Amino acid sequence: MHEPRKLYVKSFGCQMNVYDSHRMADTLAREGFVETQDPAEADLVILNTCHIREKAAEKVYSELGRLRKQKQEAGSDTMIAVAGCVAQAEGAEIMRRAPVVDVVVGPQSYHRLPELLAEAKAGKRVVDTEFPAEDKFDHLPTPTRAATRSRGPAAFVTVQEGCDKFCTFCVVPYTRGAEVSRPVTKILDEAARLLDQGVREITLIGQNVNAFHGEGLDGKVWSLARLMERLAQMKGLARLRYTTSHPRDMGEDLIAAHRDLPQLMPYLHLPVQSGSDRILAAMNRKHGRDLFLSLIEKMRDARPDLALSSDFIVGFPGETDRDFEDTLDLVHEVGFASAYSFKYSSRPGTPAAEHEAQVAEEVKTERLAELQKLLEASKAAFDAACRGRTFDILLEKPGRQPGQLIGRSPYLQSVVVNDPPAGIGELLTVTITDVGPNSLAGVPAETPLSPALSRPLAAMEA
Ligand code: SAM
Ligand code: SF4
């Protein structure tokens, strides 16, 4: 019998890429590949890339440089594939800049990987960045029980891909294409399989997840709220999340779902980008500061314990000190539990890249440092307020010390528990005793909060 071939997949960027990496690994498992964590022993290395910021693409090229050296030194014939949004955007340019690459494959063609690798094996250098008419999800295999278990009790399910919003700074509408939603029945099938394999928490993902408008079980178009209502009825599903949302698509039914669905976690990632109406208009965000703030108010009315996270860009072309002050002011007003913040990075082909009033690099650096200081203080205040609180955590993996397990709070904080009376894949009610910069510590609470959900319905074997 042949030794199984080894596959190393490195994911850059967002959750969509993590999900896609898993689907690629599942596809190649059928071709006899097993995953390894060591690129040096791999027969095939896939870099699943992100094109959001300039440095992300540069990181890929330097990674390819390292792989070339490693290949030369070892005299190996490891095949190298570049997938993801850099593959989609750069296409054949990658072949020119990095002769070590055998296959370039865009996000819509992952189901074709086996054929593409066979062509590469026959000596061709292959580029596939088409948007094929067939639905790739129909051709991507489902993960095995062992693969799901190795990925833990919290899983992603893609419900929507692409974006029609065309924010003036963003490459996503070009690299991922137009918004497409998956039919509800296929999403439910995928969720049912994951739950059967021991998954307890599902995060629905999409570049613009709350723009979801998939064909429902009744043949009509279903919203994200309607989909989640149906998912919440599934046996074994303890927790539900969705990301990433756009403020314009926070419909009334979605806000109500936060009130009505106990499985829907009280945590929402809602990117705002800027607190200045002038900049939001120049970004073509299709919402102003007031709409964002009024949404937050409605959401908090629906779910008073809701915590928020967001994305910010500083130094967008034309951003003045005054505009930046408006962003700081918005952060003060909302009080975010966590956030991502970036310097604006000019992406060729997007309208903002052509803007004359580009902001100087030093100014961007200063503004980012100031914003991050404020966001970190806001996060620290939120974490500190968790001390003494009691909530359920989903136990996900072993901790550093023997007997320790690490779980996730409803707010996605890591919570360390010593010798918990429960295993990976179970919910445990804990009271938070300590708050550190990267994680919290908790002890099992006397009375579980939600005994029905805590039942070890499908606890995961380690
Ligand atoms: N769809 C989401 C939304 O509506 O905001 C997020 C998409 S994007 C993958 C994630 C984040 O990257 C954005 O929210 C934005 O803050 C940041 N981003 C996108 N393009 C950028 C650019 N050119 N420069 C800096 N940050 C950027
Ligand atoms: Fe990019 Fe804007 Fe679409 Fe988000 S909504 S993916 S930032 S274009």
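Pairs meeting the criteria (first residue in region 341-352 and touching a residue at least 12 places away in the same chain (Cβ under 8 Å) and among the polar types (S, T, N, Q), second residue in a strand (DSSP E or B) and away from ligand 2 (no atom under 11 Å from the Cβ), beta carbons under 7 Å, at least 6 apart or on different chains) are 341/312; 341/314. Tallying residues that are part of a strand (DSSP E or B), touching an Asp or Glu at 6+ places or on another chain (Cβ under 8 Å) and under 22 Å from residue 384 (Cα atoms) within region 406-429 yields 5. Per the listing 237, 227, the residue uniquely at pLDDT 95 or above, within 24 Å of residue 14 (Cα to Cα), more than 16 Å from ligand 1 (Cβ to nearest atom) and part of a loop (DSSP other than H, G, I, E, B) is 237.
For residue 153, state whether it is within 16 Å of ligand 1 (Cβ to nearest atom), within 19 Å of the chain's Cα centre (by Cα) and of a type outside the set (Ser, Thr, Tyr). Here the answer is no, as residue 153 does not meet what is asked.
Among the numbered conditions (1) surrounded by fewer than 20 Cβ atoms within 10 Å (Cβ to Cβ); (2) touching a residue at least 24 places away in the same chain (Cβ under 8 Å), the only one that residue 314 does not meet is (1).
Residue by residue, here is whether (1) modelled with pLDDT under 95; (2) farther than 30 Å from residue 353 by Cα holds:
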site	(1), (2)
53	yes, no
72	yes, yes
75	yes, yes
102	no, yes
114	yes, yes
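So for region 15-23 (the condition being assigned to a loop (DSSP other than H, G, I, E, B), under 28 Å from residue 139 (Cα atoms) and touching a Gly at 6+ places or on another chain (Cβ under 7 Å)), does at least one residue qualify? Checking region 15-23: not a single residue is assigned to a loop (DSSP other than H, G, I, E, B), under 28 Å from residue 139 (Cα atoms) and touching a Gly at 6+ places or on another chain (Cβ under 7 Å). All of 167, 163 fail the test of being more than 17 Å from the chain's Cα centre (by Cα) and either among the polar types (S, T, N, Q) or over 18 Å from residue 264 (Cα atoms) (or both), apart from 167. Might you let me know whether region 103-112 holds any residue that is surrounded by fewer than 19 Cβ atoms within 10 Å (Cβ to Cβ) and more than 22 Å from the chain's Cα centre (by Cα)? No, region 103-112 has no match at all. Taken over region 211-222, the criterion of being within 19 Å of residue 250 (Cα to Cα) and either of a type in the set (Lys, Arg) or crowded, with 21+ Cβ neighbours inside 10 Å (or both) is satisfied by 211, 212, 222.
Quick one: would you say residue 275 is crowded, with 22+ Cβ neighbours inside 10 Å, touching a residue at least 24 places away in the same chain (Cβ under 8 Å) and farther than 30 Å from residue 155 by Cα? Yes; evaluated as a whole, the condition is true for this residue.
Of all the criteria given as (1) under 25 Å from residue 142 (Cα atoms); (2) touching a Phe, Trp or Tyr at 6+ places or on another chain (Cβ under 8 Å); (3) surrounded by fewer than 19 Cβ atoms within 10 Å (Cβ to Cβ), the one not satisfied by residue 173 is (1). Here residue 205 meets each of (1) within 14 Å of ligand 1 (Cβ to nearest atom); (2) hydrophobic (A, V, I, L, M, F, W, C); (3) within 30 Å of residue 394 (Cα to Cα); (4) over 17 Å from the mean Cα position of the chain (by Cα) with one exception, condition (4). Among the residues of region 241-263, those identified as of a type outside the set (A, V, I, L, M, F, W, C), within 16 Å of ligand 1 (Cβ to nearest atom) and either over 19 Å from residue 304 (Cβ atoms) or assigned to a loop (DSSP other than H, G, I, E, B) (or both) are 242, 243, 244, 245, 246, 247, 248, 249, 251. Of the residues making up region 439-454, one or more are touching a Leu at 6+ places or on another chain (Cβ under 9 Å), in a loop (DSSP other than H, G, I, E, B), surrounded by fewer than 17 Cβ atoms within 10 Å (Cβ to Cβ) and modelled with pLDDT of 80 or more. A count restricted to region 344-375 and to residues that are more than 10 Å from ligand 1 (Cβ to nearest atom), surrounded by 14 or more Cβ atoms within 10 Å (Cβ to Cβ) and either within 23 Å of the chain's Cα centre (by Cα) or not in a helix (DSSP H, G or I) (or both) stands at 7. You will find that of 254, 280, 231, the residue that is without any contact (Cβ under 8 Å) to a residue 12 or more places away in the chain, on the phi < 0 side of the Ramachandran plot and crowded, with 19+ Cβ neighbours inside 10 Å is 280 and no other. Is there a residue being part of a helix (DSSP H, G or I) and surrounded by 21 or more Cβ atoms within 10 Å (Cβ to Cβ) anywhere in region 264-271? Looking through region 264-271, none of the residues is part of a helix (DSSP H, G or I) and surrounded by 21 or more Cβ atoms within 10 Å (Cβ to Cβ).
When residue 340 is tested against (1) buried (at least 17 other Cβ atoms within 10 Å of the Cβ); (2) within 16 Å of ligand 1 (Cβ to nearest atom), just one condition goes unmet, and that condition is (1).
The values are calculated or read from the model by the stated rules, or taken from the named source; none is laboratory data. Because the structure is predicted, anything quoted here is derived from the model rather than measured. Here Cβ is always computed from backbone atoms with ideal geometry, including for glycine, and neighbour counts include all displayed protein chains.
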